[in-house]
Amino acid sequence: MRSARNSLLAVSAIVIGALCATPGMAGTAAAKPKAAAPAAGMTAQAVVDGAWRTPEDRARDGVRHPVDSFAFWGIKPNMTVAEIRPGAGYWTDLLAPYLAAGGGKLIVTSGDPDKMSDAQKAGRDRYLKRYQDNPSLYGTLEVGVFAANSDKLLAAPNSVDLIISSRNFHGFVLQNIKDYALKSMYSALKPGGLVAIEQHRGDARRPQNPASGYIRQDWVIAQMRQAGFEFVAASELNANPKDTKDHPFGVWTLPPTLQTAPSGQPANPNFDNAKYKAIGESDRMTLLFRKPAK
């Protein structure tokens, strides 16, 4: 998901992201087209080709590599999968039909509804309604709580086969919830369960700057190991060697955001973002970790 863009925006993300869990749950995502349920045993490619997906999501498949990600992360249709901060629903629109067709289950995360404002609850409800209105396609999504200010759980302990966290790690750091996040994921996973991480990858030669959206890969691996996870593998499927990672507005200078001014200021019509369009989306690490089997 798109997390805090700088230290100032991180404060807003704590309210909108940690409590509402995701901008999508705050009601900013467009309604999704409806379609018939996918056939049982549908492949990842068939789900990617699903008629229910928006043109905007389809346009990003070439840089988000959903079929290859499914394969690398080892997603199986009968798994119980939890998605951390699902954002506008790019992965949800793929995971929910795939798991529903295969007898699996998807858990999406939210903030604690008991600690949300009425507006935050309304945004959360709008987001979930998109999926709950079409259970024949999306199945019955469960909603777990991912909020450091709550005693509610992401999922029952030792109940989840795979957790997916896409573009969240810098937000965990900026919002000072990294330890909570990793502990929550560890608790939810079955012994031997997996954590899939996709994250904007920082330059290992430079000091780390989470406010830019970039985090060093070696540091992420070290943090996961310190939390008790075993490192399984890294993939370069989301690598982009053209990304210099030194952009004026952090990773959000690049597509799809193409930010042209400091956060909180009006867009600058005179900012030339042609070279950032040419770079494309960020260079990203794609990692897999395992909770020890014993």
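The values are calculated or read from the model by the stated rules, or taken from the named source; none is laboratory data. As the structure is a prediction and not an experimental result, all values here were calculated from the model. Please note: Cβ atoms are built from the backbone with ideal geometry, for glycine as well, and neighbour counts cover all protein chains shown.
Tell me yes or no: at least one residue of segment 259-274 is surrounded by 12 or more Cβ atoms within 10 Å (Cβ to Cβ) and in a helix (DSSP H, G or I). Show your work before the answer.
Narrowing segment 259-274 to residues surrounded by 12 or more Cβ atoms within 10 Å (Cβ to Cβ): 259-263, 268, 271, 273.
This time we only want the ones that are in a helix (DSSP H, G or I), so: none.
Within segment 259-274 (the criterion being surrounded by 12 or more Cβ atoms within 10 Å (Cβ to Cβ) and in a helix (DSSP H, G or I)), the answer is no, since none of the residues qualifies.
Which numbered condition trips up Val195, out of (1) touching a Gly at 6+ places or on another chain (Cβ under 7 Å); (2) surrounded by 15 or more Cβ atoms within 10 Å (Cβ to Cβ)?
Looking at each condition in turn, Val195 falls short on (1).
Which of the residues that make up segment 198-233 are buried (at least 19 other Cβ atoms within 10 Å of the Cβ) and of a type in the set (Phe, Trp, Tyr)?
Correct list: Tyr214, Phe229.
Could you check Tyr98 against (1) of a type outside the set (Gly, Ala, Ser); (2) surrounded by 20 or more Cβ atoms within 10 Å (Cβ to Cβ); (3) modelled with pLDDT under 95 and say which number it fails?
(3)
Taking the stated definitions as given, is Leu153 out of contact with any His (no Cβ under 6 Å at 6 or more places or on another chain), buried (at least 18 other Cβ atoms within 10 Å of the Cβ) and under 26 Å from Lys105 (Cα atoms)?
no
Got a sec? Which of Asp125, Asp114, Asp93 is free of Cβ contacts under 8 Å to residues at least 24 places away in the same chain and not basic (Lys, Arg)?
Matching residue, one of Asp125, Asp114, Asp93: Asp125.
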